[in-house]
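The structure appears right after this line, and notes come after that.
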Amino acid sequence: MALAQRTGRSRHRLVLLALTAITLLTVDLNGFGPIESAQRVVRDVLHPVTSLAATVFSPVGDAWNSVFNYGDLEAENDALRAELEAMQGAIIRGEADTETLRRLLAATELPYVDDVERVAANVVRGSVGNFDDHVITIDRGSREGVAEGMAVVTGAGMVGRVERVDNATATVQLISDAALFIGARLVATDDVGLGHALPGESGVFVIDRGLDYPDTDDPALLPEIGTAVVTAGVSSYPADIPIGTVRAVERSSDEASMRVEVELSTDVDDLHFVSVLLVDPPEEFQLDPVVPATDAGLGVDPDLLEPEGETEGGDE
Amino acid sequence: MTFLKIGAVLLVSIVVQLTVFVDVRVADVAPELLALVAVLAGFLAGPERGSTIAFGAGLLWDIWLPTPLGLAAMAFATVAFAIGSIEAGLFNDTRGQVSALAFLGTFASVLGYALLGEVVGQRGLVDIELLRVALIAGLLNAAIAPVMVRPMRWALRGPMTFGRPAPTRA
């Protein structure tokens with residue numbers, strides 16, 4: 001009898017906890033402000049403790065990495081990699097068609113990326129759990145002007161976007177996350193499309209929306225392998241941030257659109273320093289008429305078609 | 001007092017998870033320390049109090065995870081309840097059995113977290129990597145469990161300041 005009562009009480013407790021969890025899930029998924037604020041307060045309060053602990057425990061991590069990750073070569077590799085990435089970024093930026101870029105920027109009223117105010121940040125940690133591989137935490141937050149949606153870059157190019165901001169830290173969603181969509185421009189052809197990382201293939205970004213395959217098989221109309229890809233002026237981020245270089249161009253399965261694979265210019269697996277571009281993303285972003293090529297009959301220029309309703313997707 | 005001690009264990013666990021286990025990983029998988037706290041709470045404190053402590057551990061972990069608040073809390077509480085509901089006579093508090101429970105509980109917690117996440121629309125949690133992650137995290141927690149069981153037993157000992165006294169196992 002007593003056992004049955006205890007079991008019943010335990011079940012009631014579990015039901016109560018489950019209902020609480022469902023309520024929290026529902027309100028959090030709907031972006032309920034007070035819940036987000038409460039989480040931010042907890043993270044901010046514990047930030048000094050975790051910072052101190054990170055300093056205290058850093059020898060443990062270093063020792064582990066030195067044994068299992070050949071850490072004694074890490075510092076040298078990092079320095080060389082940073083130098084190489086900076087050079088690659090400079091080359092890609094140099095390839096950008098300045099006039100076209102200025103025209104795009106004028107249309108979108110976004111400042112040129114070199115003029116953008118930015119704040120440098122240290123990467124304080126990578127993923128904390130086992131299901132957030134494409135996330136880093138940086139030591140700059142709202143008190144330095146960092147806000148959600150801002151672009152994060154290195155000298156080599158695009159790193160990701162600010163996902164969550166606390167007072168002293170911010171979480172960055174890396175460009176290697178297939179869920180992060182970015183408006184991209186092929187410098188060689190000036191075509192603009194929407195791309196994302198290729199799941200399961202490190203360092204590869206694919207533009208698979210918004211690019212029409214040329215009606216003729218003239219290779220001159222296709223972007224050359226190795227040419228630059230940068231952020232588009234119509235994206236949520238400042239224009240002309242290097243994304244990478246064209247690795248492969250192919251016709252999509254629908255036969256009418258183009259699929260471009262891009263080799264990312266930044267190695268996001270091993271970041272130590274980044275910069276946040278202090279440009280607020282637009283409130284509502286719409287990719288300039290991306291009419292699915294499949295909607296157009298053969299021989300019909302999709303640009304001549306009227307867009308129907310809102311464009312699906314966006315930069316986010 | 002017990003409430004404070006449990007809070008201290010949770011605080012130390014989250015700090016260690018956020019600092020040490022960011023680097024210390026095996027095959028790119030980190031131990032799930034908060035899940036281990038939840039499993040041990042279910043084992044040592046029974047289904048009622050254990051599930052409540054596990055819920056708190058999951059909620060704390062949720063604050064740092066990119067998934068919505070309540071996901072880990074729900075998974076951990078359910079696993080702690082299941083472990084706490086196992087007939088007490090089946091298990092003694094031996095090192096081997098604690099490790100075995102830690103492995104099974106962590107494995108179930110990781111799977112439960114990912115499956116619940118998919119249910120609420122969090123894509124990318126259930127894939128071919130899930131079983132590997134759950135398996136390695138379970139093994140790592142099994143290795144840590146004999147160490148972690150001591151502070152958990154300490155935290156659950158003594159008069160309670162909320163609820164009923166915990167029926168800790170001898």
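The values are calculated or read from the model by the stated rules, or taken from the named source; none is laboratory data. The structure displayed is predicted, hence computed values, not measured ones. FYI the Cβ positions are ideal-geometry reconstructions off the backbone, even for glycines, and counts take in every protein chain you see.
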### Summary
Restricted to the range A:6-57 and to residues being in contact with a helix residue (DSSP H, G or I) (Cβ under 7 Å, 6 or more places away or on another chain) and surrounded by fewer than 16 Cβ atoms within 10 Å (Cβ to Cβ), the residue nearest to B:Ala82 (Cα to Cα) is A:Arg9
### Message
Just to be sure I understand, how many residues within the range B:57-89 are out of contact with any helix residue (DSSP H, G or I) (no Cβ under 6 Å at 6 or more places or on another chain), more than 13 Å from A:Leu14 (Cα to Cα) and assigned to a helix (DSSP H, G or I)?
### Response
2
### Task
Of the conditions (1) part of a strand (DSSP E or B); (2) at pLDDT below 90, A:Glu261 clears all except one; give me its number.
(2)
#### Entry: Matching residues in the range B:106-138 - criterion: being closer than 15 Å to B:Met74 by Cβ, out of contact with any Ser or Thr (no Cβ under 9 Å at 6 or more places or on another chain) and more than 10 Å from chain A (Cβ to nearest Cβ)
B:Leu111, B:Leu115, B:Glu118
#### Entry: Among (1) among the β-branched types (Val, Ile, Thr); (2) over 30 Å from A:Trp64 (Cα atoms); (3) surrounded by fewer than 24 Cβ atoms within 10 Å (Cβ to Cβ) - the single one B:Val79 does not satisfy
(3)
### Task
Mind listing whichever residues of the range A:241-261 are in contact with a Pro (Cβ under 9 Å, 6 or more places away or on another chain) and not β-branched (Val, Ile, Thr)?
A:Asp254, A:Ala256, A:Ser257, A:Met258
#### Entry: Top-ranked residue of the range B:18-31 - restricted to ones that are within 7 Å of chain A (Cβ to nearest Cβ) and in contact (Cβ under 8 Å) with a residue 12 or more places away in the chain, ranked as nearest to A:Ala54 (Cα to Cα)
B:Leu18
### Task
Could you please find all residues in the range B:49-68 being touching a residue at least 40 places away in the same chain (Cβ under 8 Å), over 15 Å from A:Thr20 (Cβ atoms) and either surrounded by 24 or more Cβ atoms within 10 Å (Cβ to Cβ) or at the interface with chain A (Cβ under 7 Å from one of its Cβ atoms) (or both)?
B:Arg49, B:Trp61, B:Trp64
### Query
Has the range A:210-217 got at least one residue that is crowded, with 22+ Cβ neighbours inside 10 Å and either within 16 Å of A:Gly195 (Cβ to Cβ) or charged (D, E, K, R) (or both)?
yes
### Query
Restricting the search to the range A:193-207, which residues are assigned to a strand (DSSP E or B), in contact with a Leu (Cβ under 8 Å, 6 or more places away or on another chain) and more than 14 Å from chain B (Cβ to nearest Cβ)?
A:Gly193, A:Leu194, A:Val204, A:Phe205, A:Val206, A:Ile207
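Per-residue answers, yes or no, for (1) over 18 Å from the mean Cα position of the chain (by Cα); (2) modelled with pLDDT under 95; (3) crowded, with 17+ Cβ neighbours inside 10 Å; (4) among the hydrophobic types (A, V, I, L, M, F, W, C):
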{"residue": "B:Gly84", "(1), (2), (3), (4)": "no, yes, yes, no"}
{"residue": "B:Ser99", "(1), (2), (3), (4)": "no, yes, yes, no"}
{"residue": "B:Thr106", "(1), (2), (3), (4)": "no, no, yes, no"}
{"residue": "B:Glu118", "(1), (2), (3), (4)": "yes, yes, no, no"}
{"residue": "B:Gln122", "(1), (2), (3), (4)": "yes, yes, yes, no"}
{"residue": "B:Leu130", "(1), (2), (3), (4)": "no, yes, yes, yes"}
{"residue": "B:Ala155", "(1), (2), (3), (4)": "no, yes, yes, yes"}
{"residue": "B:Thr168", "(1), (2), (3), (4)": "no, yes, yes, no"}
### Query
When residues of the range A:180-192 are filtered for being over 16 Å from A:Glu263 (Cα atoms) and either among the β-branched types (Val, Ile, Thr) or not in a loop (DSSP other than H, G, I, E, B) (or both), how many remain?
2
### Task
Looking only at the range A:211-225, decide whether some residue is touching a residue at least 60 places away in the same chain (Cβ under 8 Å), touching an Asp or Glu at 6+ places or on another chain (Cβ under 7 Å) and over 15 Å from A:Ile175 (Cβ atoms).
no
### Query
Which one of A:Val234, A:Val230, A:Val206 is aliphatic (A, V, I, L, M), crowded, with 20+ Cβ neighbours inside 10 Å and at pLDDT below 90?
A:Val234
